[in-house]
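To start, the structure itself, in structure tokens.
Only the coordinates and a few stated rules stand behind these numbers; no lab work does. Remember, it's a predicted structure, so these values are computed and weren't measured experimentally. Using ideal geometry, Cβ is built from the backbone for each residue, glycine included, and neighbour counts are taken over all protein chains shown.
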Amino acid sequence: MPAIQILVSHFSTNTYLVSQGTLTVVIDPSGDAAEIYRRATSDGKKLSAILLTHGHFDHIDALEFLVHLSQAPVYVSTSDQPMLADPYLNASWLVGERVSAKIASTHPLSGGEVLAFGELIFQVYATPGHTEGCLCFLCEDALFSGDTVFADGYGRVDLPGARPELYRASLASIKDLIRTKNLYPGHGRIIIKE
């Protein structure tokens with residue numbers, strides 16, 4: 001499943017667009033919401049859902065405006081949902097910002113769910129460590145890993161809400177996916193398996 005990578009955040013956060021037919025799903029909307037919306041709805045497509053791998057500010061800073069533009073439902077872990085509107089919990093205060101995405105409602109996830117948007121099917125994996133509610137999403141041969149795992153490492157564990165004691169088990173739970181699927185991390189380069 002090919003995904004379009006958008007890099008419009010000044011924190012080098014990867015936002016992904018996954019499309020099939022007339023539908024697009026956005027993963028981790030960071031940066032310029034208008035640009036994300038324009039690209040997600042090009043060629044008459046509908047932005048049908050927004051998936052969040054976790055609640056840190058650099059993965060949600062375009063969320064509120066993108067929801068305003070699209071009315072798309074937002075899917076986030078139950079544990080990370082409070083981070084969306086709280087600059088302390090989402091760590092934006094650490095860089096002198098106050099990111100606060102006030103969303104009327106979200107669809108809570110805990111891992112193990114299967115989400116279907118038209119022909120796009122996402123399996124949800126709970127991978128706590130970087131945050132308590134970190135999630136990874138698998139769509140066909142693409143693993144959207146957020147900050148759980150990168151091409152050359154994994155996410156930091158010194159921010160509010162981190163659960164370093166759970167990280168090893170989380171990585172072990174997705175090790176076969178990391179080894180066999182194309183990796184679309186929250187930062188850095190994408191790894192496409194040959």
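Okay, here's what the table says:
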| quantity | calculated |
| --- | --- |
| Within segment 14-64, considering residues that are without any contact (Cβ under 8 Å) to a residue 40 or more places away in the chain and among the acidic types (Asp, Glu), the one farthest from residue 101 (Cα to Cα) | 43 |
| Residues of segment 170-194 classified as without any contact (Cβ under 8 Å) to a residue 24 or more places away in the chain and under 23 Å from residue 91 (Cβ atoms), total | 0 |
| Tally of residues being in a helix (DSSP H, G or I) and free of Cβ contacts under 8 Å to residues at least 40 places away in the same chain across segment 65-82 | 6 |
| Filter result (closer than 23 Å to residue 34 by Cα and in contact (Cβ under 8 Å) with a residue 60 or more places away in the chain) within segment 96-117 | 117 |
| Number of the exception - residue 103 against (1) buried (at least 17 other Cβ atoms within 10 Å of the Cβ); (2) among the hydrophobic types (A, V, I, L, M, F, W, C); (3) under 17 Å from residue 184 (Cα atoms) | (3) |
| Failed item, numbered, when residue 74 is tested on (1) surrounded by fewer than 21 Cβ atoms within 10 Å (Cβ to Cβ); (2) within 17 Å of the chain's Cα centre (by Cα) | (1) |
| Number of the condition not met by residue 145 [criteria: (1) farther than 23 Å from residue 68 by Cβ; (2) touching a helix residue (DSSP H, G or I) at 6+ places or on another chain (Cβ under 7 Å); (3) among the hydroxyl-bearing types (Ser, Thr, Tyr)] | (2) |
| Candidate set: segment 119-164, residues that are of a type in the set (Asp, Glu) and in contact (Cβ under 8 Å) with a residue 40 or more places away in the chain; chosen: the one farthest from residue 28 (Cα to Cα) | 119 |
| Single match in 145, 100 (criterion: of a type in the set (Ser, Thr, Tyr), in contact with a Pro (Cβ under 9 Å, 6 or more places away or on another chain) and closer than 22 Å to residue 3 by Cα) | 145 |
| Matching residues, segment 157-187, being within 16 Å of the chain's Cα centre (by Cα) and either loosely packed, with under 15 Cβ neighbours inside 10 Å or among the hydroxyl-bearing types (Ser, Thr, Tyr) (or both) | 184 |
| Filter result (in a loop (DSSP other than H, G, I, E, B) and farther than 21 Å from residue 136 by Cα) within segment 21-41 | 21, 22, 32, 41 |
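Yes/no matrix, rows are residues, columns are (1) surrounded by fewer than 13 Cβ atoms within 10 Å (Cβ to Cβ); (2) assigned to a strand (DSSP E or B):
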residue: 9; (1), (2): no, no
residue: 19; (1), (2): no, yes
residue: 43; (1), (2): yes, no
residue: 47; (1), (2): no, yes
residue: 50; (1), (2): no, yes
